[in-house]
């Protein structure tokens with residue numbers, strides 16, 4: 001199978017491109033923009049990954065003929081992936097317990113603590129908080145990750161169905177689903193009584209397996225095989241979901257997710273996903 005080596009970064013120096021072309025044995029170099037290049041006929045050789053890490057460049061070997069039109073479903077995590085924040089940490093800030101909650105969040109994303117248990121602990125610390133804090137987080141602090149809208153618009157133009165999967169909360173996923181035109185979503189529902197958080201989650205917690213199960217369910221309902229699925233995540237609770245996809249991408253990810261993904265984007269935005277596919 002002929003492969004292309006896609007190199008991405010804020011900018012790519014000519015000396016870096018020349019060195020990577022030599023390392024990979026590429027027969028042709030295509031500059032597609034200031035921050036993206038395709039090396040045609042590249043070979044997976046030692047030294048390429050190490051060079052890219054040092055040069056702060058993202059890289060990925062992609063099949064020559066893989067096109068976005070070949071893909072049928074995109075599943076993407078919400079917190080720290082589609083958006084730049086962890087919503088629960090920002091809610092916790094308004095309750096005066098951000099340090100405690102952030103510590104648990106980080107451990108969960110690294111895979112050091114069971115996700116469902118971590119969520120129960122974190123939500124428990126929010127007991128009594130006015131539900132208005134959720135609106136404040138959405139309005140004042142929630143920001144899309146760079147390139148998110150560009151990526152989603154391209155996916156939708158290509159006919160790719162989109163699924164927002166989150167171990168976070170439906171208050172945010174449902175608003176983003178409407179705002180960005182997602183076809184499907186799944187997330188957790190916070191229990192609220194008389195305008196205040198009870199410190200509990202309603203129903204089964206959306207953990208790693210629930211994310212993967214939702215992806216399988218949507219894929220099966222649409223008759224989509226694994227090869228036609230893209231999954232993007234950043235933490236340990238995304239690994240099972242990414243394993244269900246033909247193309248798995250770790251975005252600004254923890255080491256546990258990066259080690260399991262086919263591609264990692266650390267230096268470019270989510271629109272960098274599009275460069276992993278040939279033009280239709």
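Annotation note: of 10, 84, the sole residue that is surrounded by fewer than 17 Cβ atoms within 10 Å (Cβ to Cβ), farther than 17 Å from residue 263 by Cα and modelled with pLDDT of 95 or more is 84. For region 13-54, give me each residue that is in a helix (DSSP H, G or I) and either surrounded by 13 or more Cβ atoms within 10 Å (Cβ to Cβ) or in contact with a strand residue (DSSP E or B) (Cβ under 8 Å, 6 or more places away or on another chain) (or both). Across region 13-54, the qualifying residues are 16, 17, 19, 20, 21, 23, 24, 48, 49, 51, 52. Can you find, within region 225-251, the residue that is nearest to the chain's Cα centre (by Cα) among those that are outside any helix (DSSP H, G or I) and surrounded by fewer than 18 Cβ atoms within 10 Å (Cβ to Cβ)? The extreme case among them is 243.
All conditions but one from (1) in contact with a helix residue (DSSP H, G or I) (Cβ under 8 Å, 6 or more places away or on another chain); (2) more than 23 Å from residue 251 (Cβ to Cβ); (3) modelled with pLDDT under 95 apply to residue 117; the one that does not is (1).
Closer than 19 Å to residue 190 by Cα and surrounded by 14 or more Cβ atoms within 10 Å (Cβ to Cβ), is that true of residue 120? So residue 120 passes the test. With respect to residue 183, is the statement that it is closer than 16 Å to residue 121 by Cα and surrounded by fewer than 16 Cβ atoms within 10 Å (Cβ to Cβ) true? Against the criterion (closer than 16 Å to residue 121 by Cα and surrounded by fewer than 16 Cβ atoms within 10 Å (Cβ to Cβ)), residue 183 does not qualify.
So that you can scan it fast, the table gives a plain yes or no per residue for (1) without any contact (Cβ under 8 Å) to a residue 60 or more places away in the chain; (2) in a strand (DSSP E or B); (3) in contact with a helix residue (DSSP H, G or I) (Cβ under 7 Å, 6 or more places away or on another chain); (4) over 25 Å from residue 123 (Cβ atoms):
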site	(1), (2), (3), (4)
179	yes, no, no, no
188	no, yes, yes, no
205	no, no, yes, no
212	yes, no, yes, no
253	yes, no, no, no
267	no, no, no, yes
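Among the criteria (1) within 25 Å of residue 239 (Cβ to Cβ); (2) touching a residue at least 12 places away in the same chain (Cβ under 8 Å); (3) surrounded by fewer than 16 Cβ atoms within 10 Å (Cβ to Cβ), the one residue 175 does not fulfil is (1). In region 55-170, counting only helices (runs of 4 or more DSSP H) that sit wholly within it, the ones holding 2 or more residues that are in contact with a strand residue (DSSP E or B) (Cβ under 6 Å, 6 or more places away or on another chain) and in contact (Cβ under 8 Å) with a residue 40 or more places away in the chain span 115-124. Just a yes or no: is a residue in region 18-30 in contact with a helix residue (DSSP H, G or I) (Cβ under 6 Å, 6 or more places away or on another chain), at pLDDT 95 or above and within 23 Å of residue 251 (Cβ to Cβ)? The answer is no, given that none of the residues of region 18-30 is in contact with a helix residue (DSSP H, G or I) (Cβ under 6 Å, 6 or more places away or on another chain), at pLDDT 95 or above and within 23 Å of residue 251 (Cβ to Cβ).
The values are calculated or read from the model by the stated rules, or taken from the named source; none is laboratory data. Quick caveat, the model's predicted, so the values are computed rather than measured. Every residue, glycine as well, gets a Cβ built from its backbone with ideal geometry; the counts of neighbours run over all protein chains shown.
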